[in-house]
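Take a look at the structure set out below.
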């Protein structure tokens, strides 16, 4: 059986990709995708820890399902925001969306 | 012992005061009601006053046990100033005279001021009304005289000097207000004094005396710690005042009693118009005639004499001391001095004014030589006959005005009703007070004439019948018996002159033939004369009988008929106060002198002025141009007398002008060297301070406020850099922070 560490490395790698995507991409949709990656990395961790430590309970899977649900809602809200911003400003470049600048 | 009616004495001054307040505040518009209030209030005071006085006469040994009532009023250090009344024989006899004379004069005023007559169309406020019209300000007149009655009644009841002084000043105020009652009146001759100026003159002149008197009162209070008469007149107090001395700059050590007595006497000099403060009284005749009778003949001016009688124990604390000598000197000198002026005056009221000054001088001379009772008697009798004379002169003046008015209407139309403003007064205005315009009024105004003659005879001391004889004779006798020869001679000469000018006045006014048309048409038939002549008749009776209460017991024949109740009554008080007042032994020589001067003066006056009066009106020209029979024999001296020894001019040059110059000079000094530099200095200092303040403001206050704002702004500038508005930056910060914390958590030792 594949050891737990591998899964953890995979999840860490996926999370790093997600962070990098969220921080460095200029397209708002790409940023959103980076966030999705980070969430899924977490999901991998949850499922992996459930499988290797606590088979008797459904906690890990349940959390993963919750995360997926929340991620779907989040993507939904995020995309709606991006569409609205695009309608207003004709851009989805996050570098230009700095109206909150102090 | 003490009759309960004495407790009502406090109402005596309060009733007229109530009338004063009511008239002033509410009834001023209703002239009849105002007059009625004043007359009614004084009428009640009169009845009450006589009831009190009669109750007092019935008390045995009243002089030793006077009625006293007081309440503590002002705390002054360890003691109290009391507010109280005293009724002793002196107050009692004054209560016989004062409210009664006041009442009669109030009644007379009702007629004199024309109550019940229609309002004149052209009458000006503050100007005498046309004959037959009511005075426009008559309510005010009655308010003032009511207040005056308050002052006089309060004065005679006051039991201490400070209360006396308060009422004294109330009278001074009323005198001022009433002299200037016709305040708008102006004369074509700018040198003739107007009522307004006369009031001011009277007020200022008496103020000199009052100030000195107040100084005396204060010194007395410092020395004795009390101003109540009963306290001051205790023998030990008087003895200590007489023995302790004050060191005066020039005079050296002087007993306090002498110093205080002389200072207080100065108040009397001012109030009673004695030399050298006599100048105000003749000019006070500018007031309405009832005022002259009430204030400037019967009551207020005699308040000075009353003051000296009241404080007599203090005056004689040093027996035969300089205080008494000073009083007798001033009195005798004034008596003669004023009498010499009186017989050259042509204004009927001025003659009486100088006569009043002279008679008051008589009283002071009497007090100075110790004739305590005689002075009191003369004070009373003089009040009656001088009030009578003044009221009579007022009646004459009204009669003349009516005559003039009648002539004016029939002959050349209504000349004077055109209005009273300055312009319309013709230069040759008819003077109804000038005796040279009169003559022959006896037939036209018989009631006035009879009563005036009775008053005149009383004034000149017509023997046996009149009151003036008994009082004057007693003064002369006292001076003679006690060896005051100089005073005796002076007073005798003054009495001669008095009789002379009285005869002159009567002859010029009532006898002979009329010298003007106004005198020709003068009458006392108008309805107002009913009000005016009744008081004259009553006073006429009193001018005769008032002396009968004081006929000396050893006077030939008449003495046996009377027991001299006045002497016994006042003598009781004198005894209680340790004043020497024994009945005089009868001497023939002063009586003879008294008879000679009275009868001789009258006869002389009649002889000299008979011819003058008999001539009647001159064929052409004014009667004012007929020379006085005395003018030729006296020559230049006559002019000096007629100009009143130039005292008015002298005082004007020295005091009035001097005061003006001094104030002008002081004004300049003040302006240039004191006030201006101070004001400028204050201004500069203020500017200097504000400059400093301004700098402080700009630098420190403004700097602090702006500085705080600048610092905040600067720090905000730093912090705002963090706020990029880019979500990725925030995320990065979050990541780094979490990483650092995680790293720290993992790496740092537990």
Test residue B:577 against the criterion of being touching a helix residue (DSSP H, G or I) at 6+ places or on another chain (Cβ under 6 Å) and either at pLDDT 80 or above or surrounded by fewer than 15 Cβ atoms within 10 Å (Cβ to Cβ) (or both), and give yes or no. yes
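Here are some residues: B:344, B:245, B:311. Which one is free of Cβ contacts under 8 Å to residues at least 40 places away in the same chain and either over 30 Å from residue B:142 (Cβ atoms) or touching a helix residue (DSSP H, G or I) at 6+ places or on another chain (Cβ under 7 Å) (or both)? Full working, then the answer.
Working: B:344 fails: free of Cβ contacts under 8 Å to residues at least 40 places away in the same chain; B:311 fails: free of Cβ contacts under 8 Å to residues at least 40 places away in the same chain.
Matching residue, one of B:344, B:245, B:311: B:245.
Name the single residue that is nearest to residue B:77 (Cα to Cα) among those in the stretch B:221-246 being under 27 Å from the mean Cα position of the chain (by Cα) and in a helix (DSSP H, G or I).
So in the stretch B:221-246, the residues under 27 Å from the mean Cα position of the chain (by Cα) come out as B:221, B:226-230, B:232-233.
Restricting the remaining residues to those that are in a helix (DSSP H, G or I) gives B:221, B:229-230, B:232.
On the way: B:221: 12, B:229: 19, B:230: 20, B:232: 18 Å.
Step by step, filter the stretch B:221-246, then rank; the result is B:221.
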Pairs needed: first member in the stretch B:723-750, at the interface with chain A (Cβ under 7 Å from one of its Cβ atoms) and more than 17 Å from residue A:21 (Cβ to Cβ); second member anywhere, at pLDDT 90 or above and exposed (fewer than 10 other Cβ atoms within 10 Å of the Cβ); C-beta distance under 8 Å; at least 6 residues apart or different chains. none
Right, residue B:373: in contact with a helix residue (DSSP H, G or I) (Cβ under 9 Å, 6 or more places away or on another chain) and at pLDDT 90 or above or not? no
From (1) buried (at least 19 other Cβ atoms within 10 Å of the Cβ); (2) part of a helix (DSSP H, G or I), pick out the condition that doesn't hold for residue B:617. (2)
Reported set for the stretch B:37-79 where residues are in contact with a strand residue (DSSP E or B) (Cβ under 6 Å, 6 or more places away or on another chain) and surrounded by fewer than 16 Cβ atoms within 10 Å (Cβ to Cβ) is B:71, B:72, B:73, B:74
Filter pass, residue B:375 being part of a helix (DSSP H, G or I) and surrounded by 24 or more Cβ atoms within 10 Å (Cβ to Cβ): yes
Kindly list the number of the only condition in (1) in contact (Cβ under 8 Å) with a residue 40 or more places away in the chain; (2) under 25 Å from residue B:87 (Cβ atoms) that fails for residue B:290. (2)
Specify which of the listed residues (B:515, B:525) is surrounded by 23 or more Cβ atoms within 10 Å (Cβ to Cβ) and part of a loop (DSSP other than H, G, I, E, B). B:515
Conditions (1) in a helix (DSSP H, G or I); (2) touching a residue at least 12 places away in the same chain (Cβ under 8 Å); number of the one not met by residue B:33: (2)
Can you pull out the residues in the stretch A:80-102 that are farther than 24 Å from residue B:720 by Cβ and in contact with a helix residue (DSSP H, G or I) (Cβ under 7 Å, 6 or more places away or on another chain)? A:82, A:92
Within the stretch B:528-573, can you find the residues that are without any contact (Cβ under 8 Å) to a residue 12 or more places away in the chain and within 30 Å of residue B:446 (Cβ to Cβ)? B:541
Among the residues of the stretch B:543-561, write down those that are assigned to a helix (DSSP H, G or I) and surrounded by fewer than 24 Cβ atoms within 10 Å (Cβ to Cβ). B:544, B:545, B:548, B:549, B:558, B:559, B:560, B:561
Restricting the stretch B:456-468 to residues that are crowded, with 24+ Cβ neighbours inside 10 Å and in contact with a helix residue (DSSP H, G or I) (Cβ under 7 Å, 6 or more places away or on another chain), which is farthest from residue B:594 (Cα to Cα)? B:456
Hey, among B:277, B:218, B:200, which residue is out of contact with any strand residue (DSSP E or B) (no Cβ under 7 Å at 6 or more places or on another chain) and not in a helix (DSSP H, G or I)? B:277
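The values are calculated or read from the model by the stated rules, or taken from the named source; none is laboratory data. Bear in mind the structure is a predicted one, so any value in this text is a computation, not a measurement. Please note: Cβ atoms are built from the backbone with ideal geometry, for glycine as well, and neighbour counts cover all protein chains shown.
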